[in-house]
Amino acid sequence: SSGINAEWPLRPGILVESQLEEFNNMSKKPMDLVMFRFAIEHVSRISRILKQPRSHALLVGVGGSGRQSLTRLAAYMADYVLFQVEIGKGYTSVEWREDLKRILRKSAESETHSCFLFTDTQIKEENFLEDINNLLNAGEVPNIFPQDEKQEIQDAMRKIDKTRDKSKQTDGTPLGLFNMFIDRVRDQLHIVLAMSPIGGAFRARLRKFPSLVNCCTIDWFQAWPEDALEIVAQRFLEDVELSDVHRTGVVELCKNFHESTRMLSEKFERELGRHNYVTPTSYLELIYTYKNLLGKCRDKVAYQKKRYTVGLEKLDSARSQVSQMQLDLKALQPQLVVASKEVDEIMVVIERDSIEVAKTEKIVKAEEVVANEQAAVAKGIKDECDADLAEAIPILEAALAALNTLTPSDITIVKSMKSPPPGVRLVMEAVCILKGIKPERVNDPATGKKVDDFWKPSQKVLGDMKFLQSLREYDKDNVSPPIIKKIRNTYIPNPEFVPEKIRQASNAAEGLCKWVRAIEAYDRVAKVVAPKKAALAIAESKFAEAQKSLNAKRAMLKEVQDKLQSLRDKFEENTKKKKVPTATLR
């Protein structure tokens, strides 16, 4: 008897394990289950209940005992379709009724059996249990289907009814077809309720809805036995690196903790009348907590070990480096003596050259002061010249602008005049005088004496194709004094020799008049500016010589400074060489 009892779980265990493996390979939500004898017994009970006609199950046990997982596995083993509602935040009786209708129709219209898994944590409203009670008792929920959906159900049942044997067919009436629907629901839908006995709600619900007991086969999930605790602990600790002795000890400790806590809870209930439930979930959390703490402790130890190892390596490295430094220091000692001697010698040279650089800098600064003063004098003279020329330059520019407005046709008009107006004659006389053209001697009709006449020479001048260009390029800085004197005394004071009056005779003559007056004004200012320009040239020459001397002194200063900087760089380099042995020793 004992031998048979020991071999009993082997074949069912192998079968259930293979079914669980197939389920996990096909399911989107695989289950990590340990199939010990306790779990195999409950799978067998649930499977046996589901295989009974019009059977339903009430699974009673605390959370984590495996009620839902084992139901899924049993339904898979029986090739049943598993239904389970998803309860959300806004889930009400409306959504509940829609889910029920969907489950009922799929169960009746399909040829395969189905399993509806419902837990007490999904009971958001008590009327959910009332509908379950009706399904368990009569196979339907009164008035759940409206008339249009009833019509769809009857049409679906009529198609199925035609395929059955005539002896089993209905009379084809709507009532008969709907009764056929209810019978198929009762035959093919198996309801599995998973409830917890904790608290008074379970007891109250059983009294309120008696079909939960009368129409269901009850499977009570008791506390896990010791062999189950041992197998579960071994399974969940198999991925932890432990020796066989330590693994066995940890498994025994987990069992001891769980069993001792359960016994203390029973004593707590007896003495104080208060419940403390020790569930399989608590046992799994104990194992997970141990694994997490073990991992953290091992990580901490590994980290500290690594730090210790790295510290030892650094100490060993430092020791070897110190030994090498001592050898280097001994080898560098002669170099230190040489470097110290070079530093002292360079220091003497630096002090001597620094005095020389200071003297040169003093000379250069003095010459810079002189050069700056001469530059200021030259700039003052230049500013005076510019201020004087500012009076004549605009007049000259205006005259040149007036010349630019003249065209060869304007000049031709003036040239073609047989008897030019007095204003035109007056302007052309002044132009011929400035250009150094002599007049012709002709008889004066009034007196009969010889007089100077500039008109024929003027016509020759006007006939020159480059006449206007010669006026623009006129050498205004070198006008002969007698010529400018005659212009200044004879024509400028003449009240008729003004552009406004000349314009009445000829526009071209007006432009030429402006040019003559501009040449005279420029010459008048240039005579004043000429001495200043000479003084400016002398001042600029002196400034250039001073600047040349200053640049030579600056070049000399830079040469001395570069030499001094080179000595300082060499001094710094030798000082570093001198410090190398000391730094190496440190």
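The values are calculated or read from the model by the stated rules, or taken from the named source; none is laboratory data. This structure is a prediction, so every number in the text was calculated from the model and none was measured. Quick reminder, even Gly has a Cβ in these numbers, built from the backbone with ideal geometry, and neighbours come from all protein chains shown. Ligands, DNA and RNA are excluded from the accessible area calculation, which covers all protein heavy atoms including side chains. Shrake-Rupley method; radii C 1.70, N 1.55, O 1.52, S 1.80 Å.
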For the range 202-224, indicate whether the set of residues that are out of contact with any Pro (no Cβ under 8 Å at 6 or more places or on another chain), within 19 Å of Leu135 (Cβ to Cβ) and of a type in the set (Gly, Ala, Ser) is non-empty. yes
Give the range 1-24 a look and list any residue that's modelled with pLDDT under 50 and either open to solvent by 90 Å² or more (accessible area, probe 1.4 Å) or closer than 18 Å to Ile46 by Cβ (or both), or say none. Ser1, Ser2, Ile4, Glu7, Trp8, Pro9, Leu10
Output yes when any residue across the range 227-241 is in contact with a helix residue (DSSP H, G or I) (Cβ under 8 Å, 6 or more places away or on another chain) and over 22 Å from Gly66 (Cα atoms), and no when none is. yes
For the range 415-440, how many residues meet the condition of being over 22 Å from Pro495 (Cβ atoms) and β-branched (Val, Ile, Thr)? 1
If you check every pair at least six apart or on different chains, which have Cβ atoms under 7 Å apart with a residue in the range 451-465 that is under 11 Å from Val431 (Cα atoms) and touching a residue at least 12 places away in the same chain (Cβ under 8 Å) first and a residue that is in a strand (DSSP E or B) and open to solvent by 20 Å² or more (accessible area, probe 1.4 Å) second? Pro457/Glu440
Might you let me know whether the range 424-446 holds any residue that is over 26 Å from Gln504 (Cβ atoms), among the charged types (D, E, K, R) and modelled with pLDDT of 85 or more? yes
State which residue is farthest from Glu473 (Cα to Cα) when the search covers only the range 402-414 and only residues that are open to solvent by less than 90 Å² (accessible area, probe 1.4 Å) and in contact with a Lys or Arg (Cβ under 9 Å, 6 or more places away or on another chain). Ala402
Might you let me know whether the range 219-226 holds any residue that is at pLDDT 85 or above, of a type in the set (A, V, I, L, M, F, W, C) and at negative phi? yes
I need a count of the residues in the range 475-510 that are in contact with a Phe, Trp or Tyr (Cβ under 8 Å, 6 or more places away or on another chain) and closer than 17 Å to Leu403 by Cβ. 1
When the range 101-120 is examined, which residues are found to be part of a helix (DSSP H, G or I) and either open to solvent by 60 Å² or more (accessible area, probe 1.4 Å) or in contact with a helix residue (DSSP H, G or I) (Cβ under 6 Å, 6 or more places away or on another chain) (or both)? Arg102, Leu104, Lys106, Ser107, Ala108, Glu109
Candidate set: the range 47-92, residues that are touching a His at 6+ places or on another chain (Cβ under 7 Å) and not in a loop (DSSP other than H, G, I, E, B); chosen: the one surrounded by the fewest Cβ atoms within 10 Å (Cβ to Cβ): Leu50
Pull up the range 333-368, narrow it to residues that are more than 25 Å from Glu573 (Cβ to Cβ) and of a type in the set (Val, Ile, Thr), then point me to the one that is farthest from the chain's Cα centre (by Cα). Ile363
Report, by residue number, each residue of the range 127-172 that is in a helix (DSSP H, G or I), within 60 Å of the chain's Cα centre (by Cα) and within 30 Å of Ala204 (Cβ to Cβ). Asn127, Phe128, Leu129, Glu130, Asp131, Ile132
Condition check: open to solvent by 90 Å² or more (accessible area, probe 1.4 Å) and at pLDDT 85 or above. Does Lys305 satisfy that? yes
Say whether the condition of being out of contact with any strand residue (DSSP E or B) (no Cβ under 9 Å at 6 or more places or on another chain), open to solvent by less than 20 Å² (accessible area, probe 1.4 Å) and either of a type in the set (D, E, K, R) or touching a residue at least 40 places away in the same chain (Cβ under 8 Å) (or both) is met by at least one residue in the range 161-170. yes
Matching entry among Trp220, Trp224 (being touching a strand residue (DSSP E or B) at 6+ places or on another chain (Cβ under 6 Å) and among the hydrophobic types (A, V, I, L, M, F, W, C)): Trp220
Ser44 - would you say it is over 18 Å from Leu212 (Cα atoms), within 58 Å of the chain's Cα centre (by Cα) and modelled with pLDDT of 80 or more? no
If we ask which residues in the range 121-145 are open to solvent by less than 30 Å² (accessible area, probe 1.4 Å) and touching a residue at least 40 places away in the same chain (Cβ under 8 Å), their number turns out to be 9
Selected residue [over 30 Å from Ala526 (Cβ atoms) and either touching a Gly at 6+ places or on another chain (Cβ under 7 Å) or surrounded by fewer than 16 Cβ atoms within 10 Å (Cβ to Cβ) (or both)] from Glu367, Glu342, Glu356, Glu373: Glu356
Which of the residues spanning the range 25-46 are surrounded by fewer than 21 Cβ atoms within 10 Å (Cβ to Cβ), of a type outside the set (A, V, I, L, M, F, W, C) and part of a helix (DSSP H, G or I)? Asn25, Arg37, Glu41, Ser44, Arg45
Failed condition for Tyr288, given (1) open to solvent by 70 Å² or more (accessible area, probe 1.4 Å); (2) under 18 Å from Gly66 (Cβ atoms); (3) over 51 Å from the mean Cα position of the chain (by Cα): (3)
Find all pairs meeting these conditions: Cβ atoms under 6 angstrom apart; at least six residues apart or on different chains; first residue within the range 335-357 and at pLDDT 70 or above; second residue part of a helix (DSSP H, G or I) and open to solvent by 90 Å² or more (accessible area, probe 1.4 Å). Ile346/Lys570
Kindly indicate which of Glu429, Glu496 is surrounded by 14 or more Cβ atoms within 10 Å (Cβ to Cβ), touching a residue at least 60 places away in the same chain (Cβ under 8 Å) and among the acidic types (Asp, Glu). Glu429
